[in-house]
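*Asks:* Got a structure here, written out as structure tokens. Questions coming.
Read-outs: derived from the displayed coordinates by stated rules, not from any lab. Bear in mind that the values here come from a model prediction, so they are computed numbers and not experimental data. Methodologically, a virtual Cβ is constructed for each residue, glycine included, from the backbone with ideal geometry; neighbour enumeration extends over all protein chains shown.
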Amino acid sequence: METSHHHHLEIHNFSKLNAVKPQTKLLVIFLIILSIAFYKMETLNLFFIHVSSVIYLLIISKITFKTYIKRLSIDIPFVLFAFFLPFISKGSGKVAWEIMGLAVYETGLIEMRNLIIKITLCVTLAIILTATTSTVEIIYGMQKLKISPLLISIFSFAIRYIDVFIDELKRVKTSMKSRGYSEKGLKNLKPIAFASGAMLIRGYERGERVYNSMISRGFNGYLELHDREYISSNTIFLIGIFCLATTIFEQFVI
Amino acid sequence: MNNYLSIKNLSFEYPDGFKALDNISLNLAEKGRLGILGPNGAGKTTLLLHLNGILGKLNGDISLAGTPFTDENIKNIRKSVGLVFQDPDDQLFMPTVLEDVMFGPRNFGFSFDEAKDLALTALEKVKMLDFINKAPHHLSFGQKRKVAIASVLASKPDLIVLDEPSSNLDPASRRELIEILKTLNITIILVTHDLPMALEVCENSLILNNGKIKIIDSTYNILTNEKIMKENRLELPFGFALHHLED
């Protein structure tokens, strides 16, 4: 029943970002993501502020290029979706060119470019956060930001039991393989469906047992985390504010 | 006080109609140690959950040190009765060992400093002081079990109830656990299939089968009663001999 440690996202490289208060990181990354999401991409020269902010954070996080590229692969489904946009997003109806009789719309091309850039930047920010902040620190940061205790509890349980579930899933798969199961072929999906069902029921039952153990220790809806020591960083905080200000400027002034 | 814990005519039926407990009555003296033995599905865990008021309204009466188990008293009862669950993964959920062990005391109204002192004392008792900043789910099974026990001891319970505490433990961890339990100067209820452990920790035991108490006697008398052991699907481990205790 021992849990494995290999799937944790935090990289212990002691970069400057690792030591920054988790609430600062959470808030700043949230602000930059918000700024990127709402940037209309009409004045592209101002967008370099967002791009350079993300690159700066990526550099000081000391994430290796290999790790970054590996984790960036989560981006792929969004990029694939973006490739459809030039064919379906008509906009003004102006056709840029035709591929095998299919019209490629100019608006769609711009939307594709914007989506890929925005998604890649946001995923990069998520990679930076998870690589420099442990799950405990994320929970701690959420608590410091006065996020609802109920939300924090749900989030912390989700994280806590990911390990347990992955281990259970591995055990189920091992037991299936030891009885001659092969994952290849569509007809072999049925046992996976049954195993998933069993996992769901187990998860529900475990949830009940955890709750029982919590109320037996007087649980009143609040998980208390202790204070931890971090450094403050005005630079990082200013980066978030600056990105937000740029987006506001683009939205309302230009 | 011979009836420190008193259970009278306790019955319980699950929503699917399965009768898990059938008219259970027993008394336990203060600082007494009682083993609950029996085959799988006998109702042992159901009985334990009742001792913490977890299964809702009682069909029967339970009292601890004269305090009846009622909705008004339930918080005090939960503070007085510490429940150590069978699977420590069900019990440990906070990010660090120290925070997990402090969870109970903080909920039961101890100040932060008091709760920290209680947690550190409990962790020292189970020899886990070196692990206070570790994540509980990264510990070995034996270490998790010790932390689970500390998490209950930290609330200073008067009665500690353990569900299969020696299951999945290696022999050395099992030995350490037995030694820890023997040093606890509080009332203990031990549900176990580990009969030698019951013999070592509990002076008295009962056998529960099909929701009914079949016998309450000294643990030694029960383990040497071949007929009752066989009837209740119990047997001593191969090679384990009781005769050396007869002197």
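*Asks:* Please identify the trypsin sites (Lys or Arg not before Pro) of region A:169-209 that satisfy two criteria: DSSP loop assignment and at most 16 other Cβ atoms within 10 Å. Which are they? Don't jump to the answer; show the numbers that get you there.
*Replies:* Numbers: sites: A:Lys170, A:Arg171, A:Lys173, A:Lys177, A:Arg179, A:Lys184, A:Lys187, A:Arg202, A:Arg206, A:Arg209; in loops: A:Arg179, A:Lys184.
Sites meeting the loop and neighbour criteria: A:Arg179, A:Lys184.
*Asks:* For A:Tyr211 and A:Ile154 in one chain, what is 0.36 nm times their gap in residues minus the Cα-Cα distance, to one decimal in nm? Before the final figure, lay out the partial values.
*Replies:* Working: separation 57, 0.36 × 57 = 20.52 nm, distance 1.22 nm.
Using 0.36 nm per residue and subtracting the Cα-Cα distance, I get 19.3 nm.
*Asks:* Find the percent of Cα-Cα distances in chain B that exceed 29 Å, and round it to a whole number. Mind dumping the intermediate values first?
*Replies:* Working: 8935 of 30381 pairs.
Beyond 29 Å sits 29 percent of the P(r) for chain B.
*Asks:* Restricting to Cα atoms and excluding each atom paired with itself, what does the Kirkwood estimate give for the protein assembly as shown in Å? Can you show the working numbers first?
*Replies:* Working: mean 1/r = 0.0373 Å⁻¹.
Final number for the Kirkwood radius of the protein assembly as shown is 26.8 Å.
*Asks:* Considering only DSSP beta bridges where both residues belong to the protein assembly as shown, give the percentage that are antiparallel (nearest 5). Display every interim value, and only then the final one.
*Replies:* On the way: 23 of 41 bridges.
Antiparallel: roughly 55 percent of the beta bridges in the protein assembly as shown.
*Asks:* Still on this structure, I have one more. Quick one: Debye curve from the C-alpha atoms of chain A, no solvent, what's log10 I(q)/I(0) at q = 0.11, 0.14, 0.17, 0.18 Å⁻¹?
*Replies:* For chain A, the Cα-only Debye profile gives -0.85, -1.13, -1.27, -1.32.
*Asks:* Would you mind computing, in nm to one decimal, how far apart the modelled labels at B:Asp217 and B:Ser140 are, each placed 7 Å from Cα along Cα→Cβ?
*Replies:* 3.9 nm
*Asks:* In deg cm²/dmol, rounded to 500, what helix-only [θ] at 222 nm does the protein assembly as shown give when every DSSP H run of at least 4 residues adds -39500 (n - 2.57) and the total is split over its residues?
*Replies:* Details: 20 runs with 256 residues, N = 501.
Helices in the protein assembly as shown give a 222 nm mean residue ellipticity of -16000 deg cm²/dmol.
*Asks:* Put +1 on the Cβ of each Lys and Arg and -1 on the Cβ of each Asp and Glu in region A:148-215; which of A:Pro191, A:Met214, A:Tyr161 then has its Cα farthest toward the positive end of the dipole?
*Replies:* Value computed over the given set: A:Pro191.
*Asks:* Cα centroids of region A:170-220 and region B:190-223: how far apart, whole angstrom?
*Replies:* Answer, in whole Å: 33.
*Asks:* Take each of the peptides B:115-127, A:65-77, average the number of other beta-carbon atoms within 10 Å over its residues, and list them starting from the highest.
*Replies:* Order by mean packing, descending: B:115-127, A:65-77.
*Asks:* Step through the table entries B:Lys31/B:Lys212; A:Lys70/A:Lys90; A:Lys66/A:Lys118, compare each Cα-Cα distance with 27 Å, and write down the pairs that go over it. Could the numbers behind the result be given before it?
*Replies:* Numbers: B:Lys31/B:Lys212 24 Å; A:Lys70/A:Lys90 34 Å; A:Lys66/A:Lys118 21 Å.
Listed pairs above 27 Å: A:Lys70/A:Lys90.
*Asks:* Here's a follow-up. Given charges of +1 on the Cβ of Lys and Arg and -1 on the Cβ of Asp and Glu, with all other atoms neutral, how large is the dipole of the protein assembly as shown about its Cα centre, in debye to the nearest 20? Please list the in-between numbers first.
*Replies:* Values: 54 positive and 50 negative charges, 280 e Å.
The dipole magnitude comes to about 1340 debye.
*Asks:* Counting other C-beta atoms within 10 Å, and keeping those with at most 14, which DSSP coil trypsin sites (Lys or Arg not before Pro) do you find in region B:156-247? Write out the running numbers ahead of the final one.
*Replies:* Working: sites: B:Arg174, B:Arg175, B:Lys182, B:Lys212, B:Lys214, B:Lys227, B:Lys230, B:Arg233; in loops: B:Arg233.
Those satisfying the criteria are B:Arg233.
*Asks:* Give the average, rounded to an integer, of partner chain Cβ atoms located within 10 angstrom of each Cβ in A:114-126. Could the numbers behind the result be given before it?
*Replies:* Details: counts 0, 0, 0, 0, 0, 0, 0, 0, 0, 0, 0, 0, 0.
Mean partner shielding for this stretch: 0.
*Asks:* Taking a ≥ b ≥ c as the square roots of the eigenvalues of the Cα gyration tensor of region A:70-205, is the shape rounded (a/c under 1.5), prolate (a/b larger than b/c) or oblate? Write down the numbers at each step before the final one.
*Replies:* Details: a/c = 2.98, a/b = 1.39, b/c = 2.15.
Oblate shape, in that a/c is at least 1.5 and b/c is the bigger or equal ratio.
*Asks:* Report the rotationally averaged projected area of region A:148-215 based on its alpha-carbon convex hull, in square nanometres. Write down the numbers at each step before the final one.
*Replies:* Details: hull surface 22.8 nm².
Mean orientational projected area (region A:148-215, Cα hull): 5.7 nm².
*Asks:* Other chains' Cβ within 10 Å of A:204-215 residues: what's the mean? If you can, show how the numbers build up before the last one.
*Replies:* Working: counts 0, 1, 3, 1, 1, 6, 7, 2, 8, 16, 6, 7.
Average neighbour count from other chains, rounded to a whole number: 5.
*Asks:* For region A:41-109, which GluC sites (Glu not before Pro) are both in a DSSP coil and crowded by at most 13 other Cβ atoms within 10 Å?
*Replies:* Answer in residue order: A:Glu42.
*Asks:* Considering every residue in B:97-105, what mean count of other chain Cβ atoms within 10 Å of its Cβ is obtained?
*Replies:* Working: counts 0, 1, 5, 1, 1, 2, 7, 5, 2.
The shielding value for this peptide is 3.
*Asks:* What FRET efficiency comes out for the pair A:Glu229/A:Thr107, r = Cβ-Cβ distance, R0 = 56 Å, nearest 0.05? Don't skip to the answer; put the middle values down first.
*Replies:* On the way: r = 51 Å, r/R0 = 0.91.
The formula returns an efficiency of 0.65 here.
*Asks:* Report, in order of residue number, the helices in chain A meeting two criteria: a C-alpha extent of 15 Å or more along the helix axis, and a mean Kyte-Doolittle hydropathy of at least 0.0; treat each whole DSSP H run as one helix. Walk me through the intermediate numbers first.
*Replies:* Working: long enough: A:22-38 (24 Å, 2.02); A:48-60 (18 Å, 2.36); A:76-88 (19 Å, 2.57); A:106-132 (39 Å, 1.31); A:149-178 (43 Å, 0.55); A:189-215 (39 Å, 0.09); A:234-252 (26 Å, 1.48).
Both cut-offs are met by A:22-38, A:48-60, A:76-88, A:106-132, A:149-178, A:189-215, A:234-252.
*Asks:* Please give the Cα centre distance for region B:19-88 versus region B:97-162, rounded to the nearest Å.
*Replies:* 22 Å
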